[in-house]
1. Over the chain, with a Gaussian network built from C-alpha contacts below 10 Å, which listed residue (Gly108, Gly298, Gly83) shows the highest mean-square fluctuation?
2. So between Ala272 and Met133, what do we pick up on full extension, going 0.36 nm a residue minus the alpha carbon distance?
3. Compute the signed sum of charges (Lys and Arg +1, Asp and Glu -1) over the other residues within less than 10 Å, Cβ to Cβ, of Glu168.
4. Going by amide H atoms built from the backbone, whose H comes under 5 Å of the H on Ile174, apart from near neighbours?
5. Of all beta bridges DSSP finds with both residues in the chain, what is the antiparallel percent, to the nearest 5?
6. Report, ordered by chain and residue number, the lysines lying within cross-link reach of Lys276, taken as a straight Cα distance under 28 Å and ignoring same-chain residues fewer than 8 apart.
7. Are there GluC sites (Glu not before Pro) in segment 253-345 that DSSP puts in a loop and that have at most 15 other Cβ atoms within 10 Å, and which ones?
8. Work out from phi, with θ = phi - 60° and the Karplus expression 6.51 cos²θ - 1.76 cosθ + 1.60, the ³J(HN,Hα) of each residue of segment 23-30, listed in order in whole Hz, and give x for Gly and Pro.
Amino acid sequence: MDKSQIYSRNNAHLAEIIGAGVNLSLLEHTWEHAEDLLKTDMKPKLEAIRKSGFQTVRVPVAFDMFLQPNSSNLQIELIDKLGEAYNTCEKLGLHMIITYHYGKIYYGSDNRYAERDRVMWMWKQLQNKFKGMGYDKLFFELYNEPTEERNAWKEDVTYLVNGLRWEEKERYYIIGGTNYNNADELLDLGKLEDDKVLYTFHYYEPYLFTHQGAEWVKDRTALSNIPYPYDKNKMPPLMDSTIGSAVEKDYTKYPAEGTKEFMMLRVRLIAAECKKRNMPLICTETGVINQVEDQYRGNYLEDVTSIMDNLGIPTLLWDYDQRFSVVKPNGKLLKEVKQWLDSKR
């Protein structure tokens, strides 16, 4: 069996295991108090996620919120909480990804080496908790949306994987490229010399549509009421204040990029290149901000999940019930998401 056949077999197996997933946004809420987050009962939401038909839940965690005073030691309360969440997932038949959010290794940072050691130490504490447990049920995504210079990031993520692998031979790690898990940067990162690594990218393209109105990136999301797929007669006018900005650039490209055909071409190229390099591929985030009309959100989610399924890419939606919620105010899933999940039962 040649490498491409091994890749296809392994990726198909991973797609079957991870399948359709969703992010449970909670423990990365840096705008809330850590004590309150630790007291939040995750079990009802995990049960609802599994009942809906999701196969995997991704739990982003801002480790730095849950440190013991003046140290890089994780609070035992966090470790225990994640242990309880895993036990619940195991009982429910739900796979789990734990992800480190809001790292401080960034482009041009002068504390890069000390910071990567600190990140590794935090992971080692958590890894020790789960050693020997659920190697085909629990995955560690080592660093969410890095922003470091590409060569430095490749060196640093290799350092993290090698350091953690020294103490844990069987765990699957998930890593992505820099520039916020950009697909092109993932291809630039390439395959590491480790056979238990999954490779992720985040897919929010076209950004003009998926993040419209988001207040944390106003320089790119000033427009609202943008339809998907592109419809010339329903497009909002381009405001004078956006002329010459990234918004204008994205707006100009939207007639071509706001289509299923464009997205299929884009993702197919990523998938084909990863297959060629024997890099098992997963998309750990895709979604649409919930202030967009349900019709357009549904159109996008139906297309993006269809594309990912056709290409055999395990996909996790962002998120279950927060700003990009796939659950409507009445507690029901968006129709298109329910149809996606029903197709996998």
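1. Looking only at Gly108, Gly298, Gly83, the biggest GNM fluctuation is shown by Gly108.
2. The span from Ala272 to Met133 would gain 46.8 nm if fully extended.
3. That works out to +4.
4. Those qualifying (amide H under 5 Å, at least 5 residues apart or on another chain) are Phe140, Glu141, Leu142, Leu198.
5. 5 percent
6. Within reach: Lys3, Lys137, Lys154, Lys169, Lys191, Lys196, Lys260, Lys344.
7. Glu293
8. With coefficients 6.51, -1.76 and 1.60, one gets 8, 9, 6, 6, 7, 9, 6, 5 Hz.
Bear in mind that the values in this text are calculations on the coordinates, not laboratory data. Since the model is a prediction, treat every value here as computed from it, not as a measurement. No Cβ is skipped: glycine too gets one built from the backbone with ideal geometry, and neighbour counts run over all protein chains shown.
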